[in-house]
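One structure below.
The values are calculated or read from the model by the stated rules, or taken from the named source; none is laboratory data. Since we're looking at a predicted model, the values are computed, not measured. All Cβ positions, glycine included, derive from the backbone under ideal geometry; neighbour counts span all protein chains shown. These accessible areas exclude ligands, DNA and RNA; they are computed on the full protein's heavy atoms, side chains included. Shrake-Rupley method; radii C 1.70, N 1.55, O 1.52, S 1.80 Å.
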Amino acid sequence: MTTTCSVEHATSLATRALENSGVSPANAKAVTNALIAAEIDGIPSHGLSRVAYYAAQAASGKVDGQAVASLTSKGSVINVDAGTGFAFAAIQKGLGPLVEQARASGLAALSVGNSHHFGVAGHHVEAIADHGLVGLGFGNSPAAIAPWGGNRPLFGTDPIAFASPRANGPSLVVDLSVSKIARGKIMMAHNRGEAIPDDWALDAEGQPTRDAGEAMKGSLRPIGDAKGSSLALMVELLTAGLSHSAFGYEASSLFSPEGDPPRLGQLFLAIDPAFFGAGSAFVERAEALIGKMGEQQGVRLPGQRRHLCRQRYRGNVELDESVYESLTRLARDHG
């Protein structure tokens, strides 16, 4: 069962729910806006279903809802310490300086440490591409994938995102996890009592499972087998390694209020094509390649489904009834 809810009402509920749990108005706004954007793009696993988890962690102190991120820079490198607060406000603090520095020097990096779940990775790099720059983003997460040949989760699902400006149409966005499926989708299947495909995950004994609950006790399968495991290693070093944050095996769960702050890391790169050989012709070259893709029947551009969801958006979001009820309760409690 689903409930149709206006975005204004959903935003109000989510914001109040977070503020009731000890989150500052500024942080609650940043978090809510990111989750609403995920709903509009048809990604409910990273949408308002997360409010209950975020609120519980803020209430327990696992995430500092009052945190104010701090920023330092050195050359073309910008470092933001999220202060064990939410990732969204911390990333927002660094993206403006990142874009400015990339335009000044051609290439800039933003490292975010002591952070939390950063939602839809593609949204952050899309914001970079909307300024005419090429964006790359990486983020680590609590252990979910075993190193290839191993049997214990060590790496996170560790998203990788890429965005490119275009001459025609919205920015091209590639957003993928190094696991075959996002852990949030398994969590949603578990909450609904639904089975999952048997190639998504392994149970605690290392055996394929269709039981979402058993999958959460075990490990997720990486994309490309050993290649996906190697990509996860790369992301862990680029994010937690550079920012001196927690590696996946050191980070606590994003779905539980118990434990220490997860202290995750993120890294973003911004590239100004004007400094490279193609210069201003880069977007035309991008269109040429995209056009060739479109000549083949059945080819769908990465991110195309999200843009279709945006085009169909009419001011309302469809929420699972359980999510709507949870938002309503949390918004009312202590209010």
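Structural remarks
- Enumeration of residues in region 185-229 that are under 20 Å from the mean Cα position of the chain (by Cα) and farther than 26 Å from Val323 by Cβ: Ser219, Arg221, Pro222, Ile223, Gly228, Ser229
- Count of region 49-95 residues, restricted to those that are open to solvent by less than 20 Å² (accessible area, probe 1.4 Å) and in a helix (DSSP H, G or I), is 11.
- Single match in Leu254, Leu238 (criterion: at pLDDT 90 or above, crowded, with 21+ Cβ neighbours inside 10 Å and closer than 18 Å to Thr84 by Cβ): Leu254
- Of Ala121, Ala127, Ala163, Ala189, all but one fail to be out of contact with any Pro (no Cβ under 9 Å at 6 or more places or on another chain), open to solvent by less than 20 Å² (accessible area, probe 1.4 Å) and modelled with pLDDT of 95 or more; the exception is Ala163.
- Test: residue in region 303-313 that is open to solvent by less than 40 Å² (accessible area, probe 1.4 Å), in contact with a Gly (Cβ under 6 Å, 6 or more places away or on another chain), under 30 Å from His9 (Cβ atoms) and not aromatic (Phe, Trp, Tyr): yes
- All of (1) assigned to a loop (DSSP other than H, G, I, E, B); (2) closer than 14 Å to Ser164 by Cβ; (3) not charged (D, E, K, R) hold for Phe282 with one exception: (1).
- Among the candidates Ala270, Ala246, the residue that is open to solvent by less than 40 Å² (accessible area, probe 1.4 Å) and assigned to a loop (DSSP other than H, G, I, E, B) is uniquely Ala246.
- Residues that are open to solvent by 10 Å² or more (accessible area, probe 1.4 Å) and either within 12 Å of Ala10 (Cα to Cα) or in contact (Cβ under 8 Å) with a residue 12 or more places away in the chain (or both) within region 23-35 comprise Ser24, Ala26, Asn27, Lys29, Asn33, Ala34, listed in sequence order.
- Within region 97-118, tally of residues that are surrounded by fewer than 24 Cβ atoms within 10 Å (Cβ to Cβ) and assigned to a helix (DSSP H, G or I): 7
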